[in-house]
Amino acid sequence: MTIDQFRDLLFSKNQVGSEAVDIALFIMQLETPVDEEWFYLTNDCIEMAPFNQLDVVYRRQRELFSPQFEKCRWLFVPLVGRKHWILAAFDLKNQKIQMYNSLNPSSNQYYLEPHINYLHWVKYFLSWRLGKESWMDVQLSWMETPLQSSQDCAIFVLRCIDCLTRKVPLDFTQEMISAERLLLACRILTDERNEFKFAI
């Protein structure tokens, strides 16, 4: 993570980048106690999706090919396009795809359009990985999501993931998100793994 990327994380007028989101998810997955395991796709793997580069996914995220993945509840796919983050939450146990957008619901299709091919690839990956061709027929469902009033869409995505994995309601507010943005910056800066995971 560069100085500029870290600065973007500190100030709500700046958009959070994909590297910060990946780092936050890495920390959340390791340290948040949950009843059911969950996994996520990193941004670089998502970008390779339309090319069906399964070997690239394997090299970068081998955990998706582990026995634990076959037993997990969620696969989260954070998506950024048109300067906005949305979340695709794949419920692997119930075979559902839940979409979350922290802007007005009327914008759902606009922010979904850049990611249609990526999501199709994820369904293809799951149908192959889990041996269930029926994944190809699963439709998206847009879920009610708290609305943002600043450039905190990435933090909203992270908070949605946190709520889903801990099985708590999505009842957070913009004020809570603004505070969490600063807490996340401090958490990344002080993490003991900082020196070999990223440099600030």
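The values are calculated or read from the model by the stated rules, or taken from the named source; none is laboratory data. Just so we're clear, the structure is a prediction, and the values are computed from it rather than from any experiment. Here Cβ is always computed from backbone atoms with ideal geometry, including for glycine, and neighbour counts include all displayed protein chains.
What helices (runs of 4 or more DSSP H) lie completely within region 152-200 and have 3 or more residues being under 21 Å from residue 103 (Cα atoms) and modelled with pLDDT of 85 or more? Show your work before the answer.
Working: elements: 153-166, 174-190, 194-197.
Of the helices (runs of 4 or more DSSP H) lying wholly inside region 152-200, those with at least 3 residues that are under 21 Å from residue 103 (Cα atoms) and modelled with pLDDT of 85 or more span 153-166, 174-190.
Residue under question is residue 111, and the condition is that it be in contact with a strand residue (DSSP E or B) (Cβ under 6 Å, 6 or more places away or on another chain) and farther than 26 Å from residue 130 by Cα; does it hold? Against the criterion (in contact with a strand residue (DSSP E or B) (Cβ under 6 Å, 6 or more places away or on another chain) and farther than 26 Å from residue 130 by Cα), residue 111 qualifies.
Here's the yes/no breakdown for (1) part of a helix (DSSP H, G or I); (2) without any contact (Cβ under 8 Å) to a residue 40 or more places away in the chain:
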site	(1), (2)
56	yes, yes
70	yes, no
78	no, no
89	no, no
102	no, no
108	yes, yes
114	yes, yes
117	yes, no
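Rundown of residues vs (1) buried (at least 16 other Cβ atoms within 10 Å of the Cβ); (2) modelled with pLDDT under 90; (3) over 14 Å from the mean Cα position of the chain (by Cα); (4) within 22 Å of residue 118 (Cβ to Cβ), yes/no style:
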residue: 6; (1), (2), (3), (4): yes, yes, yes, no
residue: 11; (1), (2), (3), (4): no, yes, yes, no
residue: 67; (1), (2), (3), (4): no, no, yes, no
residue: 74; (1), (2), (3), (4): yes, no, no, yes
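Applying the criterion of being at pLDDT below 90 and exposed (fewer than 14 other Cβ atoms within 10 Å of the Cβ) to the residues of region 48-63, the residue that is farthest from residue 152 (Cα to Cα) is 55. Of all residues in region 132-166, those satisfying the criterion of being hydrophobic (A, V, I, L, M, F, W, C) and surrounded by 21 or more Cβ atoms within 10 Å (Cβ to Cβ) are 153, 154, 155, 156, 157, 158, 160, 161, 164. Do you know which residues across region 135-151 are in contact with a strand residue (DSSP E or B) (Cβ under 9 Å, 6 or more places away or on another chain) and not in a loop (DSSP other than H, G, I, E, B)? 135, 140, 141, 142, listed by residue number.
Consider region 84-131 and keep the residues that are of a type in the set (Ser, Thr, Tyr) and surrounded by fewer than 18 Cβ atoms within 10 Å (Cβ to Cβ). The one that is modelled with the lowest pLDDT is 124.
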